[in-house]
Amino acid sequence: MAAGSRAAGFAAAAGAAWLAKRALRTRIRRSPLWPLPALETPVSGHSPRRTLRATVVARTEAADGVVHLRLASPELPAWTPGAHVDLLLPSGLVRQYSLCGDPAETGTYEIAVRRAEDGRGGSREVHDRLAEGAEVQLRPPRNRFPLEPATRHVFVVGGIGITPVLPMLRALGPEADWTLLYGGRSRASMPFLPELARHGDRVTVVPEDEAGRPDLSFLSSAGPGTAVYCCGPEPLMAAVEEAAPAGVPVHLERFTAAAPAAGRPFTLELRRSGTTVTVAAGESALTAVRRALPDTPYSCTQGFCGTCQHRVLTGPVDHRDTLLTDEERTTTMLLCVSRAEGDHLVLDV
Amino acid sequence: MSNTQPAPVASERIELKARNVAFEWTDTPLHWLPGHPFATHTINVLHLLLPAGERWFVHVYKQALPLITDDRLREDVIGFIGQEAMHAAAHDDVLPHLRRQGLDPTPYTAQVDWMFEKLLGDRTLPPGRARRWWLLERIAMIAAIEHYTAFLGNWVLNADELDRRGADPVMLDLLRWHGAEEVEHRSVAFELFMHVDGSYRRRVRTWASAFTALVFLWQRGARFFMENDPTLTAGRASFGQFYRAGREGVLPSTPDMLRSIPRYLSRAYHPSQEGSTSQAAAYLAASPGANGRAR
């Protein structure tokens, strides 16, 4: 009698234990760290600086000396017109190329690269080593040349500078008010002319061997509500900036980093501390800030570890790091390498 | 003579600097320790925990800097912060490689992200005592965790069995570069804790939470990898496998791990008493990843 009820109790306990174990296993299978919840937007493994891998699935000649590559991979994130990617070349060189394909085509990117014989070797490597079927590594797209809404868009491009503008034209569509002035050395050297032909007289093609340098005087009549976009060689961009009237925003995209301008002196207001420090030409913003606030965190002093990232309240920043994303650049800077673009910055320090 | 004061070994101190590393994962196989998925995945748990964990270290230590009144210690903490930031980034880069091989770590890492960003984050505390208490508590937890990272760093620098079994050279370099920097800076977290607080009760309490959390995270992590590995049918993780792998020398041995517990809890403990800075420095001088030769 007593033995019978003990056995029944034992069986019930064993059954309950088995059920609990099974329930736990099901939960852990669905949620590996159950009972912890998950962060809604995962951070680890989704770094905006992670390395993506893709395959060259098509390679064509877009013009004399210009190769047009189509890269494909399920890992490629979405992008917006004006974006560029860092291509990590097999030799270890890292080069930036604008995406010139269609953002709606998920899983593929297109880039066009002009061979620069006198360059630093990046474009030669793309031309010589990236055949169809080659594996490439790249970083997720960044956009330093985004298309902003405006009543009228004026594009001025030189040569291979056409690449970031192509997706912009597609995004604006046939209804929008835009014009494109496209300069180059000769028709044979200018990529994507057939594709641009269908836009009719909104596109003006100016090959230097036929028509000389493009005339930019029309820019002076750009009215309010116009946005000017320019991508091309440095002298062209300087001329466009010069020709556009005050009050008309000019957006520039540089292929090559602006010559590492020797640091100019500027002042830094540390808003929360209520002081202002002067950054001399030969020192970093970090050095100047640390004179006033010795506890300011920093570490590598070369722009790669990210410890000295600080919030910027006002003033354009000349970002010289290799770390921050576009989003981070809109509100923060790395004090160890970056400087003021003008002569004053306000930090939330 | 009393031996209840932490006794640092002066010769083990070295100037700390962050190294800008690069690793190329293209050729690293899923089971980078050939024929030993369990040991591979148990070590792989590091890639799940360290990106979020080391970002958290950096976040907490930035807040700790103003509490430091010793210039030499401040320099050490600054070097530590930079090294930890690079560790987080280097391990983070392994995660997309695992995903490419059919083992998406996101379900696990998103929960680790929650733990470090929310559970152990800043919380909305009033300035003053509560906020200071929570900062000191986290500084003490980091000291306890760093006892184990130094233990693991020292282990991996001496784990010759991994070489003998043909472990992938890039993965081994990542682990040994990281391990060597952990050995190099092993005293910083403990010295910071002793400098800002040093309470023995807090040391024991935070050790207990850190140790429990590490056992929980590791056990679940190994299990997660073994059950989701696309090349294994009915993969499982068990303590028995861990114990045997420790005896074989492909994972730290269980008795060694148990023996490290009373060492941290001893009142005379100082991290410089374990591990060798010169061995770490020698590895760092030769590491391909830390010297720009990974490509």
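Here A:Thr55 clears all of (1) of a type in the set (Ser, Thr, Tyr); (2) within 14 Å of another protein chain (Cβ to nearest Cβ); (3) assigned to a strand (DSSP E or B); (4) farther than 30 Å from B:Tyr108 by Cβ except the condition numbered (4). B:Leu258: of a type in the set (A, V, I, L, M), more than 14 Å from chain A (Cβ to nearest Cβ) and under 26 Å from B:Ile14 (Cα atoms), yes or no? Answer is no for this residue.
Residue by residue, here is whether (1) under 19 Å from B:Ala64 (Cβ atoms); (2) within 14 Å of chain A (Cβ to nearest Cβ); (3) out of contact with any Ser or Thr (no Cβ under 8 Å at 6 or more places or on another chain) holds:
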{"position": "B:Glu137", "(1), (2), (3)": "yes, no, no"}
{"position": "B:Trp155", "(1), (2), (3)": "no, no, yes"}
{"position": "B:Leu162", "(1), (2), (3)": "no, no, yes"}
{"position": "B:Gly166", "(1), (2), (3)": "no, no, yes"}
{"position": "B:Leu175", "(1), (2), (3)": "no, no, yes"}
{"position": "B:Val188", "(1), (2), (3)": "yes, yes, yes"}
{"position": "B:Phe193", "(1), (2), (3)": "yes, no, yes"}
{"position": "B:Ser199", "(1), (2), (3)": "yes, no, yes"}
{"position": "B:Ala208", "(1), (2), (3)": "no, no, yes"}
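Just one of (1) closer than 28 Å to B:His270 by Cβ; (2) assigned to a helix (DSSP H, G or I); (3) in contact (Cβ under 8 Å) with a residue 40 or more places away in the chain fails for B:Arg186. It is (2).
Beta carbons closer than 9 Å, at least 6 apart along the sequence or on distinct chains, pair a first residue in the stretch B:275-286 that is farther than 16 Å from B:Leu175 by Cβ with a second that is part of a helix (DSSP H, G or I) and of a type in the set (Asp, Glu) for B:Ser276/B:Glu12; B:Thr277/B:Glu12; B:Thr277/B:Glu184; B:Ser278/B:Glu12; B:Ala281/B:Glu184. Identify, from the list A:Ala54, A:Ala38, A:Ala23, the residue that is within 24 Å of B:Gln219 (Cβ to Cβ) and crowded, with 18+ Cβ neighbours inside 10 Å. After applying the criteria, what remains is A:Ala38.
Taking the stretch A:90-107 as the range and being of a type in the set (Ser, Thr, Tyr) and within 17 Å of the chain's Cα centre (by Cα) as the test, the residues that pass are A:Tyr97, A:Ser98.
From the list A:Ala3, A:Ala13, A:Ala38, which one is at pLDDT 90 or above and over 46 Å from the mean Cα position of the chain (by Cα)? So the residue among A:Ala3, A:Ala13, A:Ala38 that is at pLDDT 90 or above and over 46 Å from the mean Cα position of the chain (by Cα) is A:Ala13. Taking helices (runs of 4 or more DSSP H) as the structural unit, those lying wholly within the stretch B:19-121 and holding at least 2 residues that are of a type in the set (Asp, Glu) and in contact (Cβ under 8 Å) with a residue 60 or more places away in the chain correspond to B:71-92. Does A:Arg49 satisfy the criteria of being outside any strand (DSSP E or B), of a type outside the set (Ser, Thr, Tyr) and closer than 23 Å to B:Gly102 by Cα? So A:Arg49 fits the description; yes.
Does the stretch A:109-132 contain at least one residue that is away from every other protein chain (no Cβ under 11 Å), under 23 Å from B:Asp27 (Cα atoms) and in a strand (DSSP E or B)? No, because not a single residue in the stretch A:109-132 is away from every other protein chain (no Cβ under 11 Å), under 23 Å from B:Asp27 (Cα atoms) and in a strand (DSSP E or B).
For the stretch A:302-328, filtering for residues that are of a type outside the set (A, V, I, L, M) and either within 18 Å of A:Val94 (Cβ to Cβ) or at the interface with chain B (Cβ under 9 Å from one of its Cβ atoms) (or both) leaves 12.
Looking at B:Leu192, B:Leu103, B:Leu175, which is the one that is within 14 Å of the chain's Cα centre (by Cα) and not hydroxyl-bearing (Ser, Thr, Tyr)?
Values: B:Leu192 fails: within 14 Å of the chain's Cα centre (by Cα); B:Leu103 fails: within 14 Å of the chain's Cα centre (by Cα).
It is B:Leu175.
Among the conditions (1) part of a helix (DSSP H, G or I); (2) among the charged types (D, E, K, R); (3) within 14 Å of another protein chain (Cβ to nearest Cβ), the only one that B:Arg236 does not satisfy is (1).
In the stretch A:120-149, the qualifying residues are those that are in contact (Cβ under 8 Å) with a residue 40 or more places away in the chain and of a type in the set (S, T, N, Q), and the one that is nearest to A:Thr51 (Cα to Cα) is A:Gln137.
For the stretch A:80-103, what are the residues that are touching a Lys or Arg at 6+ places or on another chain (Cβ under 9 Å), assigned to a loop (DSSP other than H, G, I, E, B) and more than 14 Å from chain B (Cβ to nearest Cβ)? Spell out the reasoning first.
Step one: filter the stretch A:80-103 for residues touching a Lys or Arg at 6+ places or on another chain (Cβ under 9 Å), giving A:81-96, A:101-103.
If we keep only those that are assigned to a loop (DSSP other than H, G, I, E, B) too, we end up with A:81-83, A:89-93, A:101-103.
Passing the criteria: A:Pro81, A:Gly82, A:Ala83, A:Gly101, A:Asp102, A:Pro103.
If the condition is being within 16 Å of the chain's Cα centre (by Cα), surrounded by fewer than 22 Cβ atoms within 10 Å (Cβ to Cβ) and either of a type in the set (Gly, Ala, Ser) or within 14 Å of chain B (Cβ to nearest Cβ) (or both), then the stretch A:137-165 contributes A:Gln137, A:Arg139, A:Pro140.
For the stretch B:222-233, what are the residues that are in a helix (DSSP H, G or I), touching a His at 6+ places or on another chain (Cβ under 8 Å) and either within 11 Å of chain A (Cβ to nearest Cβ) or of a type outside the set (A, V, I, L, M) (or both)?
Residues of the stretch B:222-233 that are in a helix (DSSP H, G or I), as a first pass: B:222-228.
With the extra rule that they be touching a His at 6+ places or on another chain (Cβ under 8 Å), the set shrinks to B:222, B:225-226.
B:Ala222, B:Phe225, listed by residue number.
Name, by its number, the condition in (1) more than 10 Å from every other protein chain (Cβ to nearest Cβ); (2) closer than 30 Å to B:Pro169 by Cα that does not hold for B:Leu73. Condition (2) is where B:Leu73 drops out.
For A:Ala288, the test of being of a type outside the set (Lys, Arg), under 30 Å from B:Leu73 (Cα atoms), touching a strand residue (DSSP E or B) at 6+ places or on another chain (Cβ under 7 Å) and not assigned by TED's automatic domain parsing to the domain that holds A:Cys230 is passed. For the residues B:Ala39, B:Ala64, B:Ala22, the requirement of being facing chain A (nearest Cβ under 9 Å) and not charged (D, E, K, R) singles out B:Ala22.
Cβ-Cβ distances below 8 Å connect the following pairs, each with a first residue in the stretch A:240-268 that is closer than 20 Å to A:Val157 by Cα, a second residue that is at pLDDT below 85 and surrounded by 11 or more Cβ atoms within 10 Å (Cβ to Cβ), and a separation of six or more residues or different chains: A:Glu253/A:Arg144.
The values are calculated or read from the model by the stated rules, or taken from the named source; none is laboratory data. None of the values given here were measured: they were computed from a predicted structure. In this analysis, Cβ positions are derived from the backbone assuming ideal geometry, glycine residues included, and neighbour counts consider all displayed protein chains.
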